[in-house]
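A.B. asks: Could you have a look at this structure, given as structure tokens, before my questions?
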Amino acid sequence: MAPGKVLGIMIAGVLALAAGEARAGPLPFSGTLSLQIATLPGIVASGAGIASVNGSAGGIHLSTLALGGGSFGPITTSIPVTATGTMNSVIFTGINNLTGTFTGISGGPPGGGGPMGLTGTAKICLVFAPCAYAAVTVPLSPVGSVGIGVGGTQTVPGAIALTMQHASWAIGQPVLTIHTPNTSITTPVLPGGFAHGPASLTSSTAQPSGILQLVTVSKVYTSLVGAFPELPLFSILNLHFFGDTTTTTTTTTTTTTTTASTTTLPPTGKVTLCHKGKKTISVGGRALRAHLRHDDTLGPCPGKPKKPGKK
């Protein structure tokens with residue numbers, strides 16, 4: 001092989017490697033974490049933070065994603081139930097996420113996902129007596145390596161005993177069969193997961209505007225055989241990536257050139273925000289969520305216009 005051709009191949013390899021390394025590191029996100037039991041009212045918690053992209057291929061793939069705990073809560077709320085004669089409310093207490101690691105993401109289904117536990121409890125209050133005495137309490141926090149969003153089977157003793165079969169988070173369409181009180185079998189329609197980047201390309205999730213949705217399902221067997229012997233429980237994690245370790249992405253068409261601004265993340269892993277429209281600040285992942293909730297905006301504040309006569 002000619003020396004010039006060998007040199008060209010070596011340079012191309014180095015550039016490809018550099019492109020892949022450029023995506024490794026912090027990746028800011030905003031998103032939602034939702035939790036629902038059967039057709040009962042559920043909750044949707046908003047959050048934001050900085051995830052960690054541990055390795056990427058070709059500069060745009062999202063092969064491994066590490067998500068910090070505490071990004072979506074804690075959430076405590078009580079929701080009334082009006083469409084049933086056996087339950088009167090669902091009480092969610094201390095709902096939040098634990099740390100999670102997901103692999104095999106870019107390229108979409110099948111197979112991508114991984115474990116991430118939740119915290120808190122979901123209590124279904126029955127109409128037979130006060131909730132303190134008549135309720136189905138579903139624990140969400142994992143016990144060891146078993147739990148919702150992690151996997152395994154657990155038994156929960158009590159006045160209303162439970163057996164829970166769990167799966168980890170996954171991309172793709174979950175399938176779950178449920179037995180109703182009259183022993184008929186139903187297959188509830190559950191939301192599916194997906195991963196894609198700009199222009200819905202499944203191989204570019206690590207780009208700004210990349211979106212990741214993962215779903216976890218559990219089957220809850222109760223000792224209330226005559227009322228609801230089995231209940232589906234599902235949770236949806238939806239993440240929208242709005243920046244990465246690069247500063248700009250330029251797209252050229254035949255007539256115009258558009259430069260999309262992204263958030264610059266220095267080595268400290270902080271994000272630049274405009275605080276209350278007046279002051280430019282830099283915050284870390286834990287503070288980012290609170291600032292975005294209070295209408296701070298990404299990027300520096302716009303410069304103040306100069307007064308006439310001043311240079």
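A.B. asks: Which is of a type in the set (Gly, Ala, Ser) and over 28 Å from the mean Cα position of the chain (by Cα), of 170, 129?
C.D. replies: Values: 170 fails: over 28 Å from the mean Cα position of the chain (by Cα).
It is 129.
A.B. asks: Then there's this: Name every residue in region 162-175 that is among the aliphatic types (A, V, I, L, M) and surrounded by fewer than 16 Cβ atoms within 10 Å (Cβ to Cβ), in order of residue number.
C.D. replies: 175
A.B. asks: Is region 188-200 home to any residue that is more than 17 Å from residue 39 (Cβ to Cβ) and among the β-branched types (Val, Ile, Thr)?
C.D. replies: No, region 188-200 has no match at all.
A.B. asks: Here is a further query. Only one of these conditions is not met by residue 212: (1) open to solvent by 30 Å² or more (accessible area, probe 1.4 Å); (2) modelled with pLDDT of 85 or more; (3) under 19 Å from residue 46 (Cα atoms). Which number is it?
C.D. replies: All conditions are met except number (1).
A.B. asks: Further question on the same structure: Out of the residues in region 110-129 that are surrounded by 18 or more Cβ atoms within 10 Å (Cβ to Cβ) and among the β-branched types (Val, Ile, Thr), state the one that is nearest to residue 224 (Cα to Cα).
C.D. replies: My answer is 124.
A.B. asks: Write out, first by first residue and then by second, each pair whose Cβ atoms fall under 6 Å of each other, whose residues are 6+ apart or on separate chains, and whose first residue, in region 115-132, is under 23 Å from residue 151 (Cβ atoms) while the second is aromatic (Phe, Trp, Tyr) and part of a strand (DSSP E or B).
C.D. replies: Within 6 Å, the pairs are 116/169; 122/92.
A.B. asks: Checking the conditions here, which among 195, 159, 206 is open to solvent by less than 10 Å² (accessible area, probe 1.4 Å) and in a loop (DSSP other than H, G, I, E, B)? Show your work before the answer.
C.D. replies: Details: 195 fails: in a loop (DSSP other than H, G, I, E, B); 159 fails: open to solvent by less than 10 Å² (accessible area, probe 1.4 Å).
Exactly one residue qualifies, and that residue is 206.
A.B. asks: Here's another thing I want to ask about it. If a residue has to be under 17 Å from residue 185 (Cβ atoms) and either among the small types (Gly, Ala, Ser) or touching a strand residue (DSSP E or B) at 6+ places or on another chain (Cβ under 8 Å) (or both) to count, how many in region 216-225 make the cut?
C.D. replies: The number of residues fulfilling the criteria is 5.
A.B. asks: Please work out which one of (1) hydroxyl-bearing (Ser, Thr, Tyr); (2) at pLDDT 90 or above; (3) crowded, with 16+ Cβ neighbours inside 10 Å is the condition residue 153 fails and give its number.
C.D. replies: (3)
The values are calculated or read from the model by the stated rules, or taken from the named source; none is laboratory data. Keep in mind that this is a model prediction, so the values were computed, not measured. Ideal geometry is used to build each Cβ from the backbone, glycine not excepted, and the neighbour counts take in all protein chains shown. We work out accessible area using only protein heavy atoms, side chains counted, and drop any ligands, DNA or RNA first. Shrake-Rupley method; radii C 1.70, N 1.55, O 1.52, S 1.80 Å.
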